[in-house]
Amino acid sequence: MKKMRKLLAVVLAGAMAASMSACGGTGTASSSAANSTAGSSAAASTEGSSAATSTTGTNAKNFKIRMVTDTGGVNDQSFNQSSWEGLQNLKKSIGADVNYVESKQESDYATNLDKAADDDAKLIWGIGFAMAESIGKAAKANPDIAYAIVDNGYDAKTMPKNVTGVMFRAQEPSFVVGYIAGKTTKTGKVGFVGGIKSNIIDQFEYGYKAGVDYAAKELKKKITVDAQYAESFSDAAKGKAIANSMFSSGCDIVFHAAGGVGVGVIQAAKDAGKYAIGVDRDQAYLAPKNVLTSALKLVHAAVEDVSKKAIAGKSIGGQTFTYGLTEDAVGIPTEHKLMGDATYNAALKVEEQIKSGKIVPPANKDDYAKFGK
Amino acid sequence: MEVSNEYAVQMHGITKTFGTFCALNQVDLDVKRGTIHSLLGENGAGKSTLMNVLYGLYQADEGEIYLNGEKVDITNPNVAIEHGIGMVHQHFMLVDNFTVTQNIILGNETTSHMGVLDMKKARENVKKLVEKYGLEVDPDAKIEDISVGMQQRVEILKALYRGADLLILDEPTAVLTPQEIEDLIGIMHNLIADGKTIIIITHKLKEIKESSDTCTIIRRGQYVDTVKVADVDEEELASKMVGRQVQLVVEKTPAKPGETIFEVDHLNVKDDRGLPAVNDLSLKVHAGEIVGIAGIDGNGQEELIEAITNLSKTESGTIKIRGTEIQNTSPRNVVNHKIATIHEDRQKRGLVLDFTVAENTVLEKYRTAPYSKGGMLNRAEIGKFANQLIKDYDVRPEDCANHPARGLSGGNQQKIIIGREVANEPDLLIAMQPTRGLDVGAIEYVHKTLIRERDQGCAILLISLELDEVMSVADTIDVIYKGQIVDSFKQGEVDEKTIGLLMAGGKQNGKDS
Amino acid sequence: MEKTAKILKKPITSTIIAIVCGFAVAAIVLAVAGYNPGSAFGALFSGIFSRPKYISNVIIKATPITLTALSVAFAYKVGLFNIGAEGQYIVGAVAANIVGYLCNFPPVIEIPLVILAGMVAGALWGGIVGLLKAKFGIHEVLTSIMLNWIAFYFSNLVVNSAAFHQPNSTAAYPVNASSYTMLLPNWKTSDAGMAAMSGTKWLREVMLKTDVNFGFLIAIAAAVFIWMLLYRSRKGYELRAVGLNHDAAEFAGIPVNKNIVITMLIAGALAGLAAALAITGTNPHRISTLSAFENNGFNGLSVAFIAGSSPIGCIFAGLLFGGLLYGGQSIQANIGAPSEIINIMIGTIVFFVALTAVVPKLAVRLEKRGMRNAK
């Protein structure tokens, strides 16, 4: 019986692959060529595909992309919003048919994904690892639709053939901002506020710690990192309380990877006249004099890139794409008046070293332990 | 009637409907200037509605109003006040923690330039008014510290202060003691002497006889008659009001008291504020006897009832029914001991107004068979019982069993309560102000029922603020003052004056409590 | 004219008028915002009715709010304002989740156990409110609001505790499959089930693509039970007497305070039942970190309000509300109008229901005009 089902899945996957390539048609040849040659850089690939718009125009317009937000909603100032921006860019640049469905409760994920499927979407995005299970089920129920999920990778062996994972090497920008924090701190003590502990947040924490250590080594001094968790991604008051205690215990820079909690962290920095480091997007607008820099995680760039690949008819299913500095999907903002040119330039050099593979920032505790040695 | 400036007020052909209900139908009222004119009618006859039309609180659907011979259009109370009309409502509208003067000038403040309150001048003006009409009241006392009678004077002063020439008094004596009523009538005569005109809304015949020059009677929204008070007697007024012959005198045979059913011994109860309200009170009620407690409101009657019915705790002393102590148990225990109570506040304590009449008839015995079985109500039995009660007590309308009790008139609501309590076959029936707010016809009915129950051997404790009622219904009259029974008489032993004096705290010669 | 007035006096008429007004205002808002109201409502209705599975989803969505509405309506009949249904729901969900995760008995034991756990927790939460009111006279709204927040943080505490937190998620471990209350959860994904359903598309859709479960049947049963309790039982007589006039009830010997506690226990149990059925009957079968109230209880307030606190009315109002919540997403998905539009519509309906006191008055005025014309 079980074997039967597996067989069926393989057959279906095969059929899907066939239908997809058929969909891509002949016209996409040039665009996929453009993509593959420019593949090393997401920015370059954007130009590439807009150049290719003329050839894939009709296809792109027929290509329905639906996005299902997590419970944060589409205006969450975080990855939902960023993802939707990415899709809107797609609409603007190549005229793809994009739309979203908002989830209010976790129980909405399944029904919203189902609704998106009813809309005859060709590609359905799920935002956030909380949706991993629902996406997996939906993908199984609709083998002819492509699914993609932000911030989640599946085990390559068990991964459904029509699901694409999108991950970020968040440890890379975290390493860079950690380095900047290490270079900037005067007290020799910096802080980290996480949301709820998970693999994703580990990337931020250990990347950051390693960056701080790297700077400490360079400066030949000891810098300690105080890491705490808010057990929430939304409780700004708690973020403020944690950051306040960090500042009063001697920290002068606090980095957060905690969604809405971070708003409180930044507020605390503003009140205390200390520095905070933003996350995901350039959060300087929240406190221009206190947000030292931000660990950018440009979800929209990744969403755009993967969507384009799908439109172009490339096989994206069954794999996990990882985005980092190399793909220009993470980084730090260019604005750097608070840290000064010297630190900024040093940070850029660190970025180069990461790109070239000379530095491999750790993404979890084990790697971090090895990194120290 | 001709429109003439001899009349302070002429209301002609006033019609007012609420929904389908016609509250007033072509009612006329002509009040001569400088007279006291009473407006007589049963509850719900439309007296207050008519006055509210005059005061601008309601707009008449039809009809004209003339003041001093001139047609006016009174669209709201401010217009009425401008025309020199003042109204003292049954429920006072005073600010409790303001002084008398502050209350009087409220909304009509005397200000010096710059809008600063000129309290001094205001106080002087108030004092002048007080002296002119003999409305003795301390202008600096706070409302919460003065008696109800005084508060009423403040209301009258308030109206006069605003230049009222025509005063409307809505049931002014309902809350007053006999002495206060006398004083009020005196004040009314002073006002007339000064050229004011007074309309008094009432259903008390005795007071009309004592105070008024003319009387207009309305019944069920219809104009009945206008009579010179001197020309008619009380019986005649009553029949015009009710529409049939009524007996004003309670007819009964002498009581044949049996064993002691109910006994209160050295009872002490504190009020909400923790002050002693019932003070070492003792009383007894025998089977087949009506014991009436006479007293002015606020002398511990309420606290006594609350203690007996176990709504509140006692400090010390005992309450016994057939020898069993029941103090400080629960209201249900009281009901279980066959004590039935007709509470003075029938809308608050007596009925669940939004329950149907049928549901209300089983408020105590819904738990017992045949009205409920196995945890479920037997609606058929309840309905049967209710309809019997409606028939026995002549509750109107007769098809009201499945309608909310709210829709019934006060008298019919009271009939439901009395019927229900009597049906519980009590050993002791407590009737607190059982005729409050009822009209003559209903009062007659309530009194007859109480006496019938007495004759069947029930012990009855009647608590009333109406001295007349206690004097005429009770077999034994206990006078309560400051939480104590200060004296006790058999019916016919004493006159109203003696008891009135005792109620006010005076001592009777020779007898020392 | 007289007939119109008579119809207008019926409560259901006012409710329907309120609903129509809600749609009208929403249409205006849509038009002002530059969307075609016709296509928006088209999207709404097709999002509710166009496929059997949508109807199924509406029913699923309606289940918890019908029960919380019942909780609110029941308490309201006893004169209590159960704004705490939200908190009672949350603790019910926590308890159901914990018990369903820790215990793994056969379904015949497991399902009642998990549901009972949710009800007991909700009852406890409501009971605290009742007790505080009965013993100390503290107003139930005050304590309920406090307890809502306590439940909120308590839930997050449990979700994030080492014992229950599922790593790499924002949620707790789900309950065991033995507590699932979906319709034939195992059979429908089995080959036999697939084969049996392969002929009927709608059945397959409803069964496989929605979490069709027994919850709504239980909600209907609960509504009937509450109606029986209130209007046919001796206890209900007491409860309504307390609700309509606790002074008279007290005077007649009905223990008011005891009945307040009982009421809050039952109301809490209903909210807890709503939560337990959501955990056992719908994905993801677990609680997760709350960043804001999920409004299962607060929506219950609105539903109870629309239903005029009638237990049976809660069923229909719950379906209406569930339809608006679920179908509302289609407005946004199909024509791009923000989901706030649907919130405005719901808010307007509730607002107009609050104004329904006006409708009978209007009826009176109509009658009067009729009489005047007759003269």
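Considering only C:LEU239, C:LEU142, C:LEU44, the mean-square fluctuation computed in a Gaussian network model of chain C, springs between alpha carbons under 10 angstrom, is largest for C:LEU142.
Using DSSP to define loop residues, name the GluC sites (Glu not before Pro) in segment A:297-373 whose beta-carbon has at most 14 other beta-carbon atoms within 10 Å.
Values: sites: A:GLU304, A:GLU327, A:GLU335, A:GLU351, A:GLU352; in loops: A:GLU327, A:GLU335.
Loop-located and lightly packed - A:GLU335.
Peptide C:321-334 has a mean shielding of 3, counted as Cβ atoms of other protein chains within 10 Å of each residue's Cβ. Taking chain C as a Gaussian network of alpha-carbon nodes connected by springs under 10 Å, the highest mean-square fluctuation of the residues C:ASN160, C:ASN168, C:ASN82 belongs to C:ASN168.
If you take the C-alpha gyration tensor of segment B:353-424, multiply each eigenvalue by 5 and take the square root, what semi-axes do you get, largest first, in whole Å? All intermediate terms of the calculation are to be shown ahead of the outcome.
Working: eigenvalues 78, 28, 22 Å².
After scaling each eigenvalue by five and taking roots: 20, 12, 10 Å.
Classify segment B:1-86: rounded, prolate or oblate, from the alpha-carbon gyration tensor (a ≥ b ≥ c, eigenvalue square roots; a/c under 1.5 rounded; otherwise prolate if a/b is larger than b/c)?
Numbers: a/c = 1.60, a/b = 1.36, b/c = 1.18.
Prolate shape, in that a/c is at least 1.5 and a/b is the bigger ratio.
At 222 nm, what value in deg cm²/dmol follows for chain B if DSSP H runs of at least 4 each add -39500 (n - 2.57) and the sum is divided by all its residues, to the nearest 500? Please report the intermediate quantities before stating the final value.
Values: 16 runs with 159 residues, N = 513.
So the helix-based figure for chain B works out to -9000 deg cm²/dmol.
Just to confirm the filter: which trypsin sites (Lys or Arg not before Pro) across segment A:291-356 are DSSP coil and have at most 14 other Cβ within 10 angstrom of their Cβ? Can you show the working numbers first?
Numbers: sites: A:LYS297, A:LYS308, A:LYS309, A:LYS314, A:LYS337, A:LYS349, A:LYS355; in loops: A:LYS314, A:LYS337.
For trypsin sites (Lys or Arg not before Pro) across segment A:291-356 that sit outside H, G, I, E and B with at most 14 neighbouring Cβ atoms in 10 Å, the list reads A:LYS337.
Of the DSSP H helices in chain C, those that are both long (alpha-carbon extent of 20 Å or more along the helix axis) and hydrophobic (Kyte-Doolittle mean at least 0.0) are C:11-32, C:52-77, C:85-102, C:107-136, C:140-160, C:215-232, C:256-281, C:311-335, C:340-354. State which entries of B:LYS47/B:LYS391; A:LYS137/C:LYS209; A:LYS189/A:LYS221 exceed 20 angstrom in Cα-Cα distance in the structure shown. Listed pairs above 20 Å: B:LYS47/B:LYS391.
Per-residue mean of other chain beta-carbon atoms within 10 angstrom of the beta-carbon, peptide C:337-344?
If you average over the peptide's residues, the count of other-chain Cβ atoms is 1.
From most to least packed by mean Cβ count within 10 Å, the peptides A:141-151, B:252-262 give A:141-151, B:252-262.
Quick one: of the DSSP bridges fully inside the protein assembly as shown, what percent are antiparallel, nearest 5? Please report the intermediate quantities before stating the final value.
Numbers: 54 of 133 bridges.
Counting only bridges with both partners in the protein assembly as shown, antiparallel ones make up about 40 percent.
When a/c is below 1.5 the answer is rounded, else prolate if a/b is larger than b/c, else oblate, so apply that to chain C with a ≥ b ≥ c taken from the square roots of the Cα gyration tensor eigenvalues. Here chain C falls in the oblate category. Along its principal axes, chain B has C-alpha extents of 70, 52, 48 angstrom, given from the largest down. Using R0 = 25 Å, the C-beta based FRET efficiency linking B:ASN5 and B:ARG220 works out to 0.20.
At most 13 other Cβ atoms within 10 Å and a DSSP loop assignment: could you name the chymotrypsin sites (Phe, Trp or Tyr not before Pro) in segment B:1-51 that fit? Working shown, then result.
Numbers: sites: B:TYR7, B:PHE18, B:PHE21; in loops: none.
Loop-located and lightly packed - none at all.
For the protein assembly as shown, the spread of Cα positions along the three principal axes, ordered from largest to smallest, is 120, 78, 67 Å. Remark on segment C:208-351: Rg and Dmax equal 18.3, 60 Å (Cα only).
In this structure, the residue pairs whose Cα-Cα separation is over 25 Å, taken from A:LYS183/A:LYS355; B:LYS313/B:LYS448; B:LYS142/B:LYS482; A:LYS220/A:LYS358; A:LYS186/A:LYS355, are B:LYS313/B:LYS448; A:LYS186/A:LYS355. With a 10 Å cut-off around each Cβ of C:251-264, the average count of Cβ atoms from other chains is 4. Sequence-ordered 3J(HN,Hα) estimates for segment B:264-274 from the Karplus curve with 6.51, -1.76 and 1.60 and θ = phi - 60° stand at 10, 10, 6, 7, 10, 9, 9, 8, 4, 8, x Hz, glycine and proline given as x.
D for segment B:7-242, whole µm²/s, Stokes-Einstein with Kirkwood Rh over alpha-carbon pairs at 10 °C and 1.306 mPa s: what number? Display every interim value, and only then the final one.
Numbers: Rh = 18.3 Å.
Result for D is 87 µm²/s.
Quick note: the coordinates plus some simple rules give every number you see, no bench work behind them. Predicted model only: the values in this text are computed from it and were never measured. We place every Cβ from the backbone using ideal geometry, glycine too, and count neighbours over all the protein chains shown.
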